[in-house]
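Notes to accompany the following structure.
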Amino acid sequence: MDYSRITLSHLVVQHCQGLGVAAVVISPGSRNAPLVMDFTAYPGFKCFSIVDERSAAFFALGIAQQTRKPVALVCTSGSAVVNYFPAITEAFYSQLPLVVISADRPEALINRGEGQTINQRNIFGTHVLGAVHLSDNDPDFEKASDHLGIVLRKTVTQGGPVHINVPMDEPLYGVEQVPMSFAFDVTRSYLELSPNNSDLSAQIQAAEDYHSCRKKMILIGAMPPNTLSKAVLEQWSNDPSIIVLTESLANVQHPEFISGIDQVISDFPSGLLSAYQPDLLISLGGMIVSKRIKKLLRKMGVKRHWHVGFERPNDTFFALKEHIRLSPDQFFSKAYAFDQTQQQTLSAYGQSSFKSLWLELKAARLKGHEAYLHQAPFCDFTVYQYILAHLPDCINLQVANSAGIRYAQLFPSNKTHNIYCNRGTSGIEGSMSTAVGAAVGVNFKEDKQTVFITGDLSFFYDINALWQNYTPKSFRIIVVNNQGGGIFRILPGAKQVYPFETFLETPHQRNAALLAKEFGFEYTKASNRDELENAFASFIDPSAGPKILEIVTPSTLNDEVLNGYFDFLKQQSGV
């Protein structure tokens, strides 16, 4: 086996071994050749080669999303590292563990007019949890090892990306037959790494305050599947003082919870705000998709907001009072376990009608929802409803920004689906690369099919996602093509921008047929309900390769139908 002769390369790779990095996504170059040699030579790494650094970074993010373990990115010097930036910001706000390793020119050649050279030190600024610049002039490798350990621990204990910049001088291609050893323990920093819990006793002191609240709202944002135990879900469902609002990305469902948030709170009357206002808001998970719930809770004026979990909390509602660094199961099962006195206290406050009030509103909205579906024409709205209702059980469902995830919020989720979307920064770039990476990453653990639903702009914007050799045969892409940025027709006031079509909607006549052929995908097109039903009948079935289903919808009808939907709900429910 050939190893590099570059000491810093061995130091970095051995640290990644100690951290538990299993997957390494490499983009080709020359300056990073020693890192390529060592990552492919050392045991324990699954290495992937992806040419486009922007796509590579999102591909790595998809693997991290599924495995919840650090994934390493390796690139050459210069503009290559800058192409990682969109995925780095997504990983930072989605709190996913990425280890970015950029090769660099020797320090003496920076700002000397050397080709493929920029200032890479701290290039990601505040969008990484930590950064270390290893010096090619410093022979103190034990000190460098300590710095690496400090930075790399953060990606596990805090969740998010870190950056290692590695200057390396020529010759870059010299080889050794054995890995380099060090006189110190490289991996001593990584024993029993886990997020830090809050002081449990301090949280128990808040139990009386929690139980005394007669109107509690639990709002769950993006969350990995199976985060919450059945016992905790049942505890919430049996408490009349608790209403639980879940987003599609929460991966949580219960008949006593509200999953279609936008559907339920559409056009909420000001006169009813106080009745539906919680005394205590508890948020779980990551980012919230629904703009309507953000607007409503800000308008209501949340009195107290606690965030429970290891995620960095967002003061979305300008009322964050507590960040309780416990898992939700710990918080609700242990810190708030009821002794006899607490049970009596809860009984005294158990006559709250808060949950029933919200569930009555939910029932009224659902009647209007079903009635509107029966009269709506073929368009984005009815297409998303059909897709979500007819996908098979037990799949990983990846949804692109931006209209796609909003439509997904309006329809019931299949409780067997694991649903994901890049909502850290909510950008359309990288959605498909993330989905492909996730399709690869989920197969580290189990054989599960991944289906990616995307709009046309997200699809064409990230077409380099398909320029790699790792797409599973079972991977499926559904492109809802309304020939432009249909979301802008829906946004209030957007069509007042002149010229709207050219600079916001950006209409086009592209389709995915030739791209599917180029990248080895089976291709089917549907332009009406009958064609959609016929195509969908065999779309998920096993095949010799991955598939694309392109559904063409009318570009000028979607906003009318969606806006009409919310008006109809208000009229039908009388609220």
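Readers should treat all values here as calculations from the given coordinates under stated rules, not as data from a laboratory. Just so it is clear, the model here is predicted, and its values are computed rather than measured. FYI the Cβ positions are ideal-geometry reconstructions off the backbone, even for glycines, and counts take in every protein chain you see.
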Note to self, the chain gives a 222 nm [θ] from helices alone (DSSP H runs n ≥ 4, -39500 (n - 2.57) apiece, / all residues, nearest 500) of -10500 deg cm²/dmol
At 0.36 nm per residue, and after removing the present C-alpha to C-alpha distance, how many nm does the segment from ASP169 to ASP146 gain when stretched out fully? 6.0 nm
Of all chymotrypsin sites (Phe, Trp or Tyr not before Pro) in segment 349-441, the ones in DSSP coil with at most 12 other Cβ atoms within 10 Å are none
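Would you please classify the overall shape of the chain from the alpha carbon gyration tensor, given that a ≥ b ≥ c denote the square roots of the eigenvalues, rounded means a/c under 1.5, and beyond that prolate means a/b larger than b/c while oblate covers the rest?
It comes out oblate by the Cα gyration axes.
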Among ILE540, THR425, LEU504, whose Cα lies farthest out toward the positive end of the dipole of segment 378-556, if unit charges sit on the beta carbon of Lys, Arg (+1) and Asp, Glu (-1)? THR425
Please identify the GluC sites (Glu not before Pro) of segment 59-168 that satisfy two criteria: DSSP loop assignment and at most 15 other Cβ atoms within 10 Å. Which are they? GLU114
Starting at the first residue of segment 462-468, write each ³J(HN,Hα) from the Karplus equation 6.51 cos²θ - 1.76 cosθ + 1.60 with θ = phi - 60°, in whole Hz, x for Gly and Pro. 10, 5, 5, 4, 8, 8, 6
I'd like the Karplus ³J(HN,Hα) series for segment 474-485: coefficients 6.51, -1.76, 1.60, θ = phi - 60°, whole numbers in Hz, and an x wherever there's a Gly or Pro. 7, 5, 10, 10, 10, 9, 8, 9, 9, 6, x, x
In which sequence would PHE566, PHE317 go, from the one with the fewest C-beta neighbours within 10 Å to the one with the most? PHE566, PHE317
For segment 68-84, take each phi angle, set θ = phi - 60°, evaluate the Karplus expression 6.51 cos²θ - 1.76 cosθ + 1.60, and give the result in whole Hz per residue in order, putting x for glycine and proline. 6, 10, x, 10, 8, 10, 10, 9, 7, 8, x, 5, 3, 5, 5, 5, 6
Between LEU233, LEU357, PHE332, whose Cα lies farthest towards the positive end of the dipole of the chain when Lys and Arg beta carbons carry +1 and Asp and Glu beta carbons carry -1, centred on the Cα centre? LEU357
19 Å cut-off, amide nitrogen to a point 7 angstrom out along SER212 Cα→Cβ, residues in segment 225-251: 241-242
Sort PHE85, PHE411 by Cβ crowding within 10 Å, fewest neighbours at the top. PHE85, PHE411
Roughly how many Å is it from the Cα centre of segment 297-331 to that of segment 423-438, as a whole number? 26
For segment 3-174, with +1 on Lys and Arg beta carbons and -1 on Asp and Glu, the positive-most of GLY18, CYS47, VAL156 along the dipole: VAL156
Going through segment 1-64, which trypsin sites (Lys or Arg not before Pro) have at most 16 other Cβ atoms within 10 Å and a DSSP loop state? ARG5
Would you please classify the overall shape of segment 271-341 from the alpha carbon gyration tensor, given that a ≥ b ≥ c denote the square roots of the eigenvalues, rounded means a/c under 1.5, and beyond that prolate means a/b larger than b/c while oblate covers the rest? oblate
Would you pull out the residues with amide H under 5 Å of LEU73's amide H, same chain only if 5 or more places away, H placed 1.01 Å from N? VAL25, VAL99, VAL100, ILE101
Would you pull out the residues with amide H under 5 Å of SER49's amide H, same chain only if 5 or more places away, H placed 1.01 Å from N? ILE26
Would you list GLU192, GLU533, GLU550, GLU429 from fewest to most Cβ contacts within 10 Å? GLU192, GLU533, GLU429, GLU550
Give, rounded to the nearest 20 debye, the magnitude of the charge dipole that the chain has about its Cα centre when Lys and Arg contribute +1 at Cβ and Asp and Glu contribute -1 at Cβ. 1320
If the cut-off is 29 Å between C-alpha atoms, which lysines fall inside it for LYS299, apart from same-chain ones fewer than 8 positions away? LYS215, LYS216, LYS291, LYS321, LYS355, LYS362, LYS367, LYS495, LYS570
Can you give me the C-alpha center-to-center distance between segment 127-153 and segment 217-272, rounded to a whole angstrom? 43
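First check a/c for segment 367-508, with a ≥ b ≥ c the square roots of the eigenvalues of its C-alpha gyration tensor; if it is under 1.5, answer rounded, and if not, answer prolate when a/b is larger than b/c or oblate otherwise.
Oblate is the answer for segment 367-508, as a/c is 1.5 or above yet b/c matches or exceeds a/b.
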